[in-house]
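All remarks here apply to the structure that follows.
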Amino acid sequence: MRSSVISANARAERTFPAYGPIDAILGFVVFYIFLTRATPTIVDVLTTVLPDVSASVVQFGLAAFLWFVFLMTTFDQVRRQLAALGVGSKADIRESRRSRGVPSTERVVLYLVALLVGGLVSMWTFDSAIDAGISMIRVVATLDIAAVPVVDFAVMIVFFVSFGVVTHVLDRMVIGALRAITSS
C-alpha cells in the first residue's frame, strides 16, 4: 500500500505542474489582441452582410465569444493541472516519455535557440500577421479569392508557426524549471 502511494507521488512530482498554461495564456493574449483589432472590421462586414443586425449585437456577440474562449481555456488548464496531481484522468495530460520530468541540458540549449529565433521572427511579423488576418476577414466575407494577399497570408503563417514554437518552448522551459524547483 505504501509503495503505491510513493510511486503515485513520484509520478505527480514528474508531471506537476502539467505543461500547457504558459502556451495557453500567450495564445489567449494573441487571440484577444487580434479580436480587439478586428472588431471594427467584423462589425462592418457583418452589418453589411446582415443589415438587420445592429453593431451593438455583433460587438456583444464578440465579447461573449471572447469570454467563452477564456473560460474554456481556463477550464482546460485547471483540468490538466488536476490530472497531473492525480485528480481525474491521466489521459487529460498527453505527454510523451521525453517530455516528462525536467528537460535535459541539451534540450534547454535547443529551447533557448528556438526561443531566440522564434521570438525574433514573431516580433518582426506580429503586426503584419494581425493586419493579414483582418484583411482575410473581408476576403472570406466577399468570397473574393483573387483578393487574397498571398505575401501577407504567408507572413501570417510564418508568424503563427514561429509564435507556436516560442510559446511551446517557453512553456516547456518555465514548467520544467518549476518541476526542477519542486522536485529538489
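A short reminder: the numbers here are calculations on the coordinates, not readings from a lab. All figures in this text were calculated on a predicted structure; none of them were measured in a lab. Using ideal geometry, Cβ is built from the backbone for each residue, glycine included, and neighbour counts are taken over all protein chains shown.
Modelled label-to-label distance, Asp144 and Thr47, 7 Å Cα→beta-carbon offset: nm?
For the pair Asp144/Thr47, the computed spacing is 2.0 nm.
What distance in nm separates the two pseudo spin-label positions at Thr36 and Ala55, each 7 Å out from Cα along the beta-carbon direction?
Result for the modelled spin labels: 2.0 nm.
Can you run phi through the Karplus equation (6.51, -1.76, 1.60; θ = phi - 60°) for segment 122-131 and list ³J(HN,Hα) in whole Hz, with x for Gly and Pro?
Once rounded to whole Hz, the list reads 4, 5, 5, 9, 4, 4, 5, 5, 4, 4.
State the three equivalent ellipsoid semi-axes of segment 103-184, derived from the C-alpha gyration tensor as the square roots of 5 times its eigenvalues, in descending order and whole Å. Spell out each step's value before the answer.
Numbers: eigenvalues 261, 29, 13 Å².
Each semi-axis is √(5λ); the values are 36, 12, 8 Å.
State the extension gain, in nm to one decimal, for the chain segment bounded by Ala24 and Arg79, taking 0.36 nm per residue of separation less the distance between their alpha-carbons.
18.5 nm
Separation between the Leu66 and Ser183 pseudo-spin-labels, each 7 Å from Cα along Cα→Cβ, expressed in nm?
Result for the modelled spin labels: 3.9 nm.
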